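K.L.:
Structure provided below as C-alpha cells; questions to follow.
The values are calculated or read from the model by the stated rules, or taken from the named source; none is laboratory data. In this text the structure is predicted, and so the values were computed from the model without any measurement. Here the Cβ positions follow ideal geometry from the backbone for every residue, glycine too, while neighbour counts run over all protein chains shown.
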Amino acid sequence: MALAWIQTDVCPYISDMDIGYITIGNEVILGAGVAYVARAIDNVVVAISTAGITRTIMKVSKGRPHAECVPELLVLSDPEKISLEYTLFISRDVVVRDGSLEYHNLFNVMVDWVFAALEKINAADPSITISETRWLSAENLPHESTDNAKTYNRNFMERILNRTGMPRRPGVAMNASSFDLFNEDEKAGGVE
C-alpha cells in the first residue's frame, strides 16, 4: 500500500517539486491506530527506496521535534479573547510580552512555547520543524473564510521565508509546512 501511494502521489511530482518532508501519523486519533504509525513510517521509507527515489525527500527526525502550530483552532475556541488580527499576523500591537520578548502574532507564541519547553528539558539541539499549520476556508464562518485563509497562508509563508527566526530564537531559520491546502472539503467532519 505504501509503495502504491509513493508511486501514485509522489513519483509523478518528484521532478517538478522540492518535496522535503512526508508527515505520517499527524492526525491519528488516539486509540488503536496509534500502534500502526511506526510501521507506517517504516513502510514509507522502504517504499521510497523501492520506487528508486535516490535523492533525499524525507528527512527522518531522530529526536528533532515536529510541532503543529494551528492558531486558527485557538481563535475559534475563544474569539472574544483572541483577536483575528493576532492570529492572521496582521496585529500592529504587541499582544503578549514575556520578559523582553514581544509577540505580535499567535504563531510566534506557539513556536516559542515549544522552544521554551525544549530549553526546560535541556535539549541539546533545540531546533524544531513546523510540520503543520493551516487556516480553513469555509467551515466556521466568519473566522474561517477564503480571505482569511489567503491572508494567513501568505503571511505565514512570508514569516518563514524572511528567515528572521522567532523572538526566542532570532535569526534561526525554520523548516515549515502548510497543511490542508487542497481537498479540505472532502475531509470527514468532526475530525478536528
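K.L.:
If THR8 passes every condition in (1) modelled with pLDDT under 80; (2) assigned to a helix (DSSP H, G or I); (3) under 30 Å from LYS150 (Cβ atoms); (4) of a type outside the set (Gly, Ala, Ser) but one, which one does it miss?
P.N.:
(1)
K.L.:
Here's another thing I want to ask about it. If I filter the range 71-87 for residues that are of a type outside the set (A, V, I, L, M), more than 19 Å from the chain's Cα centre (by Cα) and under 21 Å from SER177 (Cβ atoms), do I get at least one hit?
P.N.:
There is no residue in the range 71-87 that is of a type outside the set (A, V, I, L, M), more than 19 Å from the chain's Cα centre (by Cα) and under 21 Å from SER177 (Cβ atoms).
K.L.:
Now for a separate question. Identify all residues within the range 128-178 that are part of a strand (DSSP E or B) and farther than 24 Å from ILE19 by Cβ; write none if there are none. Walk me through it before giving the result.
P.N.:
Start the filter on the range 128-178 by keeping residues that are part of a strand (DSSP E or B), which leaves 129-133, 165-166, 169-170, 175-178.
GLY165, MET166, ARG169, PRO170 - these are the residues of the range 128-178 that are part of a strand (DSSP E or B) and farther than 24 Å from ILE19 by Cβ.
K.L.:
Now a separate question. Within the range 148-158, is even one residue among the acidic types (Asp, Glu) and at pLDDT below 80?
P.N.:
As a first pass, look at the range 148-158 and keep what is among the acidic types (Asp, Glu): 158.
Still in the list and also at pLDDT below 80: none.
There is no residue in the range 148-158 that is among the acidic types (Asp, Glu) and at pLDDT below 80.
K.L.:
Out of all the residues in the range 23-36, is one or more modelled with pLDDT under 75, more than 16 Å from SER131 (Cα to Cα) and in contact with a Gly (Cβ under 9 Å, 6 or more places away or on another chain)?
P.N.:
Yes, there is a match, as at least one residue in the range 23-36 is modelled with pLDDT under 75, more than 16 Å from SER131 (Cα to Cα) and in contact with a Gly (Cβ under 9 Å, 6 or more places away or on another chain).
K.L.:
Quick check, is SER49 under 25 Å from ARG163 (Cα atoms) and either at pLDDT 85 or above or in contact with a strand residue (DSSP E or B) (Cβ under 9 Å, 6 or more places away or on another chain) (or both)?
P.N.:
no
K.L.:
When both residues are 6+ apart or on different chains and their Cβ atoms are under 8 Å apart, which pairs have a first residue that lies in the range 136-154 and is closer than 18 Å to SER177 by Cα and of a type outside the set (S, T, N, Q), and a second that is part of a loop (DSSP other than H, G, I, E, B) and at pLDDT 85 or above?
P.N.:
What qualifies is TYR152/LEU88; TYR152/PHE89.
K.L.:
Write out, first by first residue and then by second, each pair whose Cβ atoms fall under 6 Å of each other, whose residues are 6+ apart or on separate chains, and whose first residue, in the range 71-82, is in the same structural domain as SER131 (by TED's automatic domain parsing) while the second is part of a loop (DSSP other than H, G, I, E, B) and modelled with pLDDT of 85 or more.
P.N.:
Partner pairs satisfying both residue conditions: LEU74/ILE82; VAL75/ILE82.
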